[in-house]
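Pasting a structure below so you can have a look.
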């Protein structure tokens, strides 16, 4: 019997357990937290996740996508809220393409249920990994309730225990020539749960991601099935007029929302009372290499933790599962070859998704309200409509395809610069007719498609 230990029962760990069970492995999962399924999950417990093409591909490959779709809400675009309470809408793609809002807790519980249902996966909770022997496939776990230390040996070990991975910290980071960096961005986040109306109806349009872009900071809201919205304020900790460290009293919080997000304040005038219900949290990017040693492999955030501004953290981790599974089918039980190809294939894409995430933060908090950017988006969208099989905007490459992240980043930036040059060369502005824009697009076809 082939055996595997997975450290961490989060999203990637639980999904990977399903994959391994499908391939005939006896899988033991160890999680340092209590069982999520035994606690009441609040819709606003953590940042809602946006499931897109890569995530669905990983779920559908093993036949569980439809189970997850039952707890997912499609979002077809962004709804922007300005300082006067006016709203505008930007579709994400063409032909009703959507990303899907899903509660982190709900999808995690569902994936754990599916894993255990296989009959080949067991999950132990309150078990903290305190050490690992990478070469021998041994992990040591300490039970947080009893203090008992358990030694577990298996054919393979997969560290899916997040940005602050215990396996990576206790073992991999002690390897010679192991590269590691952890960088916090200047901004943090705090969540707020916007409840439904008294009759259970939502206070805003459901099938869209809501953004209040304010230049240096932003508020976003994603829908939940109970009519509520999980809202997240991203803002600097300090050093700015609008920063978390200036919001020290309920009065200051209330005034901040009243003047900065007036329509949100009208929907939730008691926001200051709810302010302390969720902690102020920080955001970090983790880069490391190599991603495997001996019998031990890093996956998901343990290998490439990112910030949440492109909604790709979970999708990228799920894509790790897809790639690893395809390599298993290619190389059988030759895990040395699998490990080498896995890290060579995924490391550049892990780096790219981090760069994309930081880049999209600037788009969401600032550019979505910038007339020049909106013009560029209009032209890009028209190109995609005219030539859906040839032209893919960066957002579509990332969210609606499995084009490699590194390729999406490189091509997307080139495309943006090319379109900016086309706008300047032809003096295109918001008054330019749709017919004239089409003429300019056709005129620049060769240049456009050479980089598309």
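Listed here are the residues, each with its yes/no results for (1) at pLDDT below 95; (2) part of a strand (DSSP E or B); (3) in contact with a strand residue (DSSP E or B) (Cβ under 6 Å, 6 or more places away or on another chain).
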position: 150; (1), (2), (3): no, yes, yes
position: 161; (1), (2), (3): no, no, yes
position: 184; (1), (2), (3): no, yes, yes
position: 199; (1), (2), (3): no, no, no
position: 210; (1), (2), (3): no, yes, yes
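Rundown of residues vs (1) in a helix (DSSP H, G or I); (2) in the same structural domain as residue 52 (by TED's automatic domain parsing); (3) at negative phi, yes/no style:
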{"residue": "345", "(1), (2), (3)": "yes, yes, yes"}
{"residue": "377", "(1), (2), (3)": "yes, no, yes"}
{"residue": "388", "(1), (2), (3)": "no, no, yes"}
{"residue": "396", "(1), (2), (3)": "yes, no, yes"}
{"residue": "409", "(1), (2), (3)": "yes, no, yes"}
{"residue": "417", "(1), (2), (3)": "yes, no, yes"}
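Being outside the structural domain of residue 294 (by TED's automatic domain parsing), touching a strand residue (DSSP E or B) at 6+ places or on another chain (Cβ under 6 Å), more than 24 Å from residue 320 (Cα to Cα) and part of a strand (DSSP E or B): is that true of residue 219 here?
Criteria met by residue 219.
A follow-up question, please. Mind counting the residues in region 117-134 that are part of a strand (DSSP E or B) and buried (at least 20 other Cβ atoms within 10 Å of the Cβ)?
Of the residues in that region, 5 qualify.
Also, I was wondering about something else. Given the structure, is residue 356 over 26 Å from residue 132 (Cα atoms), buried (at least 16 other Cβ atoms within 10 Å of the Cβ) and either out of contact with any strand residue (DSSP E or B) (no Cβ under 8 Å at 6 or more places or on another chain) or at pLDDT 95 or above (or both)?
In short, yes.
Moving to a separate point now. Quick one: is residue 308 not in a helix (DSSP H, G or I) and not assigned by TED's automatic domain parsing to the domain that holds residue 244?
For residue 308, the condition - not in a helix (DSSP H, G or I) and not assigned by TED's automatic domain parsing to the domain that holds residue 244 - is met.
If you don't mind, another one. Within region 169-188, can you find the residues that are under 21 Å from the mean Cα position of the chain (by Cα) and surrounded by 14 or more Cβ atoms within 10 Å (Cβ to Cβ)?
185, 186, 187, 188
Can you name the number of the only condition in (1) in a loop (DSSP other than H, G, I, E, B); (2) modelled with pLDDT of 95 or more that residue 333 fails?
Unmet for residue 333, out of (1) in a loop (DSSP other than H, G, I, E, B); (2) modelled with pLDDT of 95 or more: (2).
For region 17-48, name all the residues that are touching a strand residue (DSSP E or B) at 6+ places or on another chain (Cβ under 6 Å) and at pLDDT 95 or above.
Passing the criteria: 17, 20, 21, 25, 26, 27, 28, 29, 30, 32.
Could you please find all residues in region 61-86 being under 21 Å from residue 23 (Cβ atoms) and under 19 Å from the mean Cα position of the chain (by Cα)?
Once the filter is applied, which keeps residues that are under 21 Å from residue 23 (Cβ atoms) and under 19 Å from the mean Cα position of the chain (by Cα), region 61-86 yields 65, 68.
When region 400-441 is examined, which residues are found to be out of contact with any helix residue (DSSP H, G or I) (no Cβ under 8 Å at 6 or more places or on another chain) and loosely packed, with under 14 Cβ neighbours inside 10 Å?
417, 421, 424, 425, 427, 431, 433, 435, 436, 439
The values are calculated or read from the model by the stated rules, or taken from the named source; none is laboratory data. This one's a predicted model, so the numbers in the text were calculated from it and none came from an experiment. As a convention, Cβ positions derive from the backbone with ideal geometry for all residues, glycine included, and neighbour counts pool all protein chains shown.
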